[in-house]
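The values are calculated or read from the model by the stated rules, or taken from the named source; none is laboratory data. Quantities reported herein were computed from a predicted structural model and do not represent experimental measurements. Virtual Cβ from ideal backbone geometry, glycine too; neighbours counted across all protein chains shown. Note: areas computed on protein heavy atoms with side chains; ligands, DNA, RNA excluded. Shrake-Rupley method; radii C 1.70, N 1.55, O 1.52, S 1.80 Å.
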Amino acid sequence: MGYPVVHFEIIGKDAGKLRSYYGDLFGWEFDTSGSVADTVSEPGNYGFVEPNTDGGTGIPGGVGGGPDYESQALFYVGVPDVEAALQRAETLGGTRRMGPARAPGRDLVVGHFTDLEGNLIGVAGPA
């Protein structure tokens, strides 16, 4: 079996407005007390959302960004070694866009790459 999708992100220039939009649209509630790598979002401007607690379905995610961040939506695939996954993506013709970058205060490393068609994909794993 392959590696699972473990997280999603929606990043934009006005993270607060995006969180309000998605909160109203889907009933999501955000926790902005956690931190992520500066390459992902402005410090203090990232809101984590947990999976649907009613049925226990879905994956965790987050909405963040800031004025200097490119608007994008992406998902993260859980891998045992982020650097190795990024190298493999490059070997297969993809392009590394970011990482590995460690999330401050967490045992988490993330990276981004674009596939052969230019789609942005994230990988996440232990530090």
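Given the options Gly66, Gly58, Gly16, state which has the largest fluctuation in a GNM of the chain using a 10 Å cut-off (strictly under) for Cα springs.
Gly58
Would you mind calculating the relative contact order of the chain from Cα pairs under 8 angstrom and at least 6 residues apart, reporting the percent as a whole number?
Reported relative contact order: 26 percent.
Could you pull the accessible area for Ser33 with a 1.4 Å probe, rounded to 10 Å²?
Probe radius 1.4 Å; accessible area of Ser33 about 100 Å².
Just the projected area, averaged over all directions, of the convex hull on the alpha carbon atoms of the chain: how many nm²?
8.2 nm²
Using 7 Å Cα-to-Cβ label points, what is the Asp115/Arg88 separation (nm, one decimal)?
Taking the two extended label points, one gets 1.5 nm.
For Leu74 and Arg102 in one chain, what is 0.36 nm times their gap in residues minus the Cα-Cα distance, to one decimal in nm?
Difference between extended and current length: 8.3 nm.
Just from its helices, what would the mean residue ellipticity at 222 nm be for the chain, if runs of 4 or more DSSP H residues each count -39500 (n - 2.57) and the sum is divided by every residue, rounded to the nearest 500 deg cm²/dmol?
Estimated from H runs of four or more residues: -5000 deg cm²/dmol.
Relative to the first principal axis of the alpha-carbon coordinates of the chain, what is the inclination of helix 82-91, with its axis defined by its Cα atoms, in degrees from 0 to 90 and to the nearest 10?
Value to nearest ten degrees: 60.
As I understand it, the value is the acute angle between the Cα axis of helix 15-26 and the longest principal axis of the Cα atoms of the chain; what does it come to in degrees, rounded to 10?
For helix 15-26, the angle is close to 70 degrees.
Using a 1.4 Å probe and ignoring any ligands, DNA or RNA, find the accessible area of Ser71 and quote it in Å² to the nearest 10.
The value for Ser71 is about 80 Å².
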